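Starting off with a structure, shown below.
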Amino acid sequence: MDRRPNEFSKRMKCHLFAAALFFSSALSVTATSPLTMTVSPTQSFAPTTLTVRFHVEPDAANRELEVVADSGTYYRSSRLQLEGTDGPRTTSLELRNLPGGHYEVRGALIDSAGRPRAAVRTQINVLE
């Protein structure tokens, strides 16, 4: 009876475990980002309402949260005041009646000097 398949199986399990460990450590590093964003829906029909949710890590330097939806032919932006360490961890807003287009949705966490501390972006598609 040949034992190579069993050795191969053990090696593969070891490689898979190492890969899982590597990827889980990479995920935990990005989990502490000062700003994350989710946008839904990522694809819809015009006119649409996008729900944009931000998760902000509290910090004394946090002063504003900027959101931009830009398709090249349509642009909308908004700035929301933040209260540093007393600000909410989750902030949601709706962008209503967006016309058709391929949008880049961006978010930026702004400090007291008006400089971005963190930025996020995603692409969404609004069909005509």
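Taking the condition of being assigned to a strand (DSSP E or B) and surrounded by 14 or more Cβ atoms within 10 Å (Cβ to Cβ), how many residues in the range 73-92 meet it?
Number satisfying all stated conditions: 3.
Is the range 115-128 home to any residue that is within 18 Å of the chain's Cα centre (by Cα), at pLDDT 95 or above and of a type in the set (Gly, Ala, Ser)?
yes
Quick one: how many residues across the range 49-58 are touching a Gly at 6+ places or on another chain (Cβ under 9 Å) and either buried (at least 17 other Cβ atoms within 10 Å of the Cβ) or in a strand (DSSP E or B) (or both)?
Counting residues in the range 49-58 that are touching a Gly at 6+ places or on another chain (Cβ under 9 Å) and either buried (at least 17 other Cβ atoms within 10 Å of the Cβ) or in a strand (DSSP E or B) (or both) gives 3.
Conditions (1) in contact (Cβ under 8 Å) with a residue 12 or more places away in the chain; (2) farther than 26 Å from residue 128 by Cβ; (3) within 19 Å of the chain's Cα centre (by Cα), marked per residue:
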| site | (1), (2), (3) |
| --- | --- |
| 75 | no, no, no |
| 79 | yes, yes, yes |
| 82 | yes, yes, yes |
| 85 | yes, yes, no |
| 89 | yes, yes, yes |
| 94 | yes, no, yes |
| 101 | yes, no, no |
| 106 | yes, no, yes |
| 109 | yes, yes, yes |
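Okay, next question. Have a look at 38, 48, 42, 73 and point out the one that is hydroxyl-bearing (Ser, Thr, Tyr) and closer than 19 Å to residue 110 by Cα.
When all the criteria are applied, what remains is 38.
The values are calculated or read from the model by the stated rules, or taken from the named source; none is laboratory data. All of these numbers come straight from a predicted model, not from anything done at the bench. Backbone-built Cβ (ideal geometry, glycine too); neighbour counts: all protein chains shown.
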